[in-house]
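What follows is a set of notes on a single structure, which appears directly below.
Coordinate-derived values only; no laboratory data. For clarity, every value in this text was computed on a predicted model and none was experimentally measured. For neighbour counting, all protein chains shown are included, and Cβ atoms are generated from backbone atoms with ideal geometry for every residue, glycine included.
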Amino acid sequence: NKQISLASRPKGMPDASTFQFDSVELPALKSGDILIQPTYFSVDPYMRGRMNAGKSYIPAFEVGQPLAGGAVAKVIESQADGFAAGDVVTGSLPWATQSVVSAGALKKIDTNLAPASYYLGILGMPGLTAYFGLLDICKPKAGETVVVSGAAGAVGILVGQIAKIQRCRVVGIAGSDDKIAMLTESFGFDAVVNYKTSSDLKKSIADACPDGVDVYFDNVGGDVSDAVIANLNFHARISLCGQIALYNTTETPVGPRIQPMLLTRSVLMQGFTIGNYSKRFSEGIQQLATWLQEGKLHYTETTVNGFDALPEALLGLFSGQNTGKMIVQV
Ligand code: NDP
């Protein structure tokens, strides 16, 4: 049985030396245990944060221990009530080709409702993040302009579409012309700005948002966010979801860059982690599933094949290799 562990804590961008492939024996099943075989792994930007030592909202990975993340698996053998061989389950699972886990770590999923991998995206953590982060924090109103950074990613592509369902003008920010064409042609975005090729991002955003920006869903932080914030309207709302532009920096740039803008324009900015909404997850999933069935939400994935490709797929998030949700199929 193969597993991938954290070999060393990266400084800056992780590379091959961050990961270690091991062969391990599986323990015998005790009462309450389940032997699972993952079929899809999710790779997510927050995993980079877990490679750092120190306290955060989620425990750090330990050096020498397997990495772990959202996954879909099939049950091979069960010593637990309520689970049987052949069930399809999801949970936060070790990066291993098979694992013995306790039943409490797993939830059964219904693959008649949606393909199994969707439970790692639109019907999972990224979907809930888009839903609550936009609607609960920003409360967008019809006719308002919503800007989302990381627009072609797992969360961003849903944020834009949910904002369209609220009848907003939606402007995305993304890093390639292919992504821009897809968002405007297939996902209903009104305009998308390429942050990599724009020579004056503040102006490009102003051009795409003739009425200013009422809502900013921030997936990336850094210079992109500085440029959006310069275009905010009075009483704008910012949902601080992610700061991927800063996850691999060795020094975080700080300074009084945006505060004056927030103050003079009475802007509300709120950070969140999706765990804040755990009591409302079923409400979110139900609404997302309904919109998906009604054809109001479209979904797309980038699928990388093979267990050994997990590290490469994770690192690919930081260079924009994915369109929609990045998934590893094993
Ligand atoms: P994505 O699917 O959006 O993948 C990451 C994307 O970010 C890439 O495809 C790339 O697209 C873009 N990107 C990478 N590096 C940079 C950079 N330096 N500057 C600007 N853009 C960059 O990931 P998710 O949708 O899963 O996550 C999006 C954000 O939301 C992340 O910051 C993540 O940490 C956060 N998040 C927060 C949660 C919470 O509870 N608060 C829960 C889930 C996610 P491009 O080609 O456009 O550059």
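The table below gives the values:
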read-out	value
Local electrostatic count, Asp15, Cβ distance below 13 Å [Lys/Arg +1, Asp/Glu -1]	+2
Dipole of the chain, positive direction: furthest Cα of Ile76, Val89, Gln37, with charges on the beta-carbon	Val89
Per-residue HN-Hα couplings for the stretch 216-229 [Karplus 6.51, -1.76, 1.60; θ = phi - 60°; Hz; x = Gly/Pro]	10, 9, 9, 9, 10, x, x, 4, 4, 5, 4, 6, 5, 4
DSSP bridge pairs, the chain: antiparallel proportion in percent, nearest 5	50
Phi to ³J(HN,Hα) by Karplus 6.51 cos²θ - 1.76 cosθ + 1.60 over the stretch 167-179, Hz, x for Gly, Pro	6, 9, 7, 10, 10, x, 10, 8, x, 8, 5, 5, 5
Gyration tensor (Cα) of the stretch 1-75, equivalent ellipsoid semi-axes in angstrom	24, 14, 13
Two-decimal Rg/Rh across the stretch 26-151, once Rg and the Kirkwood Rh are taken from alpha-carbon atoms	1.05
Alpha-carbon Rg with Dmax, taken over the chain, Å	20.3, 63
Sparse-neighbourhood loop sites, trypsin sites (Lys or Arg not before Pro) in the stretch 122-209 - DSSP loop, at most 15 other Cβ within 10 angstrom	Lys141, Arg167, Lys196
From the C-alpha gyration tensor of the stretch 59-217, square roots of 5λ in Å	38, 17, 14
The stretch 313-329-the stretch 26-78 distance, computed between alpha-carbon centres (Å)	18
Student exercise, the stretch 125-275 dipole from Lys, Arg, Asp, Glu Cβ charges, in Debye to nearest 20	340
Whole-Hz ³J(HN,Hα) from phi, Karplus 6.51 cos²θ - 1.76 cosθ + 1.60, for the stretch 150-164, glycine and proline x	x, 5, 8, x, 4, 6, x, 5, 7, 4, x, 6, 5, 5, 5
Loop sites in the stretch 43-110: chymotrypsin sites (Phe, Trp or Tyr not before Pro), DSSP, at most 15 other Cβ within 10 Å	Tyr57
Kirkwood Rh (inverse of mean 1/r, distinct Cα pairs), the stretch 125-275, angstrom	15.0
The chain: relative contact order as a whole-number percent, Cα under 8 Å and 6+ apart	17
Within the chain, longest stretch free of exposed GluC sites (Glu not before Pro) [DSSP loop, at most 16 other beta carbons within 10 Å]	63-250
Amide H contacts of Leu67 (H built 1.01 Å from N, under 5 Å, at least 5 apart or other chain)	Ile4, Ser5, Leu6, Trp95
Across Lys30/Lys108; Lys141/Lys296; Lys196/Lys296, pairs whose alpha-carbon gap is larger than 23 Å	Lys196/Lys296
Within the stretch 247-330: Cβ-based charge dipole about Cα centre, in debye rounded to nearest 20 (Lys, Arg +1; Asp, Glu -1)	440
Point-charge dipole on Cβ atoms (K/R +1, D/E -1) for the chain, about Cα centre, debye to 20	700
